[in-house]
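Asker: Below are the C-alpha cells for one structure; questions will follow.
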Amino acid sequence: MNSAVQSLKLTTIAHHINPEDLDILSSYVRKVVFRADTLLYRAGNPAEALYIIFHGRAELTHVDDNGNRVVASRLSNGDFFGERALLDGAESAFTAMCLDDTTFYVLELSQYRKLRNSNPRVAAKLLGLLSDKMRQRLMSPGISNASCPKIVTFFSAKDGVGKSFLAANFAAVAAKNCKAKVSLVELDLQFGNI
C-alpha cells in the first residue's frame, strides 16, 4: 500500500470512502508542502484544487458585508477544503492560507476529471462528500448573500455519477441559506431526472 493511501486513511475523507476506493483516489493526488503564511488562493479567484490536510493547519476567511475579515474555518490534520474546484469550478467564496508549515494531498481539477472518467463510482462518492462540506460552509456564520454562488453548474460526460442528486440538494441548501431566489434547470433533455 502506498504512502498516499496510508496518509489518506487519516483524513475525514476515509470515513466516507471504502479502502479500495481510497486506493484508487490516492493515485490521483499529489503531496505538497507549503510554508506557514502561504496564501493558497483568494476569494473571487477560480477554484482549482481540493486540498486535504495531512499535517498542519490552514484557515478559510471571507469579507463580510461591512468589509471585515471573518474567519469561516480553522482546519487541521484530516480536514479538507477547496471543494468548489471539483463541484463547479466557480470562484472561491473564501481565501485560504496556511497557518503552519502544512503538508497537503492535493487533487487538482484536471486529475479529478481523469478520476471521473475512469472511475465514476469513486468520483460520485467523493462528490457526495464534497457537496455536504460545501453545504456546511455555506451555513457558516457571517456568510452573506454576496458570497453565495450566482451560477453553479454540475456536469459530467458520463451518466449515473449523481449530477441531478447534487444539483437538487445544492439548490435546496442555497435557497435556504442564501435567502435568495434559486432556479434549477435540467439541461439533459433526453434523460433528465428533474
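Asker: Of all residues in region 32-46, how many are more than 13 Å from residue 95 (Cα to Cα) and either open to solvent by less than 30 Å² (accessible area, probe 1.4 Å) or in contact with a strand residue (DSSP E or B) (Cβ under 6 Å, 6 or more places away or on another chain) (or both)? Give the derivation first.
Answerer: First, the residues of region 32-46 that are more than 13 Å from residue 95 (Cα to Cα): 32-36.
After this cut, where a residue has to be either open to solvent by less than 30 Å² (accessible area, probe 1.4 Å) or in contact with a strand residue (DSSP E or B) (Cβ under 6 Å, 6 or more places away or on another chain) (or both) as well, the list is 32-34, 36.
Matching residues across region 32-46 total 4.
Asker: Name the single residue, out of those in region 60-81 being hydrophobic (A, V, I, L, M, F, W, C) and under 20 Å from residue 45 (Cα atoms), that is surrounded by the most Cβ atoms within 10 Å (Cβ to Cβ).
Answerer: Residues of region 60-81 that are hydrophobic (A, V, I, L, M, F, W, C), as a first pass: 60, 63, 70-72, 75, 80-81.
Now drop any that are not under 20 Å from residue 45 (Cα atoms), which leaves 60, 63, 70-72, 80-81.
Details: 60: 23, 63: 17, 70: 17, 71: 12, 72: 22, 80: 20, 81: 27.
Going through the qualifying residues, I end up with 81.
Asker: Looking at region 104-121 only, could you name the residues that are open to solvent by 30 Å² or more (accessible area, probe 1.4 Å) and outside any helix (DSSP H, G or I)?
Answerer: 108, 119
Asker: Scan region 71-103 residue by residue and report those that are of a type in the set (D, E, K, R) and part of a strand (DSSP E or B). So that I can check it myself, show each step before the final result.
Answerer: The initial filter retains those residues of region 71-103 that are of a type in the set (D, E, K, R), namely 74, 79, 83-84, 88, 91, 100-101.
Correct list: 74, 91.
Asker: Here is a follow-up. From the list 124, 49, exactly one residue is hydrophobic (A, V, I, L, M, F, W, C), open to solvent by less than 20 Å² (accessible area, probe 1.4 Å) and at negative phi. Which is it?
Answerer: Working: 124 fails: open to solvent by less than 20 Å² (accessible area, probe 1.4 Å).
Being hydrophobic (A, V, I, L, M, F, W, C), open to solvent by less than 20 Å² (accessible area, probe 1.4 Å) and at negative phi holds for just one of 124, 49, which is 49.
Asker: Then there's this: Anything in region 26-52 that is assigned to a strand (DSSP E or B) and either over 12 Å from residue 97 (Cα atoms) or without any contact (Cβ under 8 Å) to a residue 40 or more places away in the chain (or both)? List them, or say none.
Answerer: Taking region 26-52 as the starting set, the residues that turn out to be assigned to a strand (DSSP E or B) are 30-34, 39-41, 46, 49-52.
Scanning region 26-52 gives 30, 31, 32, 33, 46, 49, 50, 52.
The values are calculated or read from the model by the stated rules, or taken from the named source; none is laboratory data. As the structure is a prediction and not an experimental result, all values here were calculated from the model. Neighbour counts run over all protein chains shown; Cβ positions are idealised from the backbone, glycine included. To get the accessible areas, we keep the full protein, side chains included, count just its heavy atoms, and leave off ligands, DNA and RNA. Shrake-Rupley method; radii C 1.70, N 1.55, O 1.52, S 1.80 Å.
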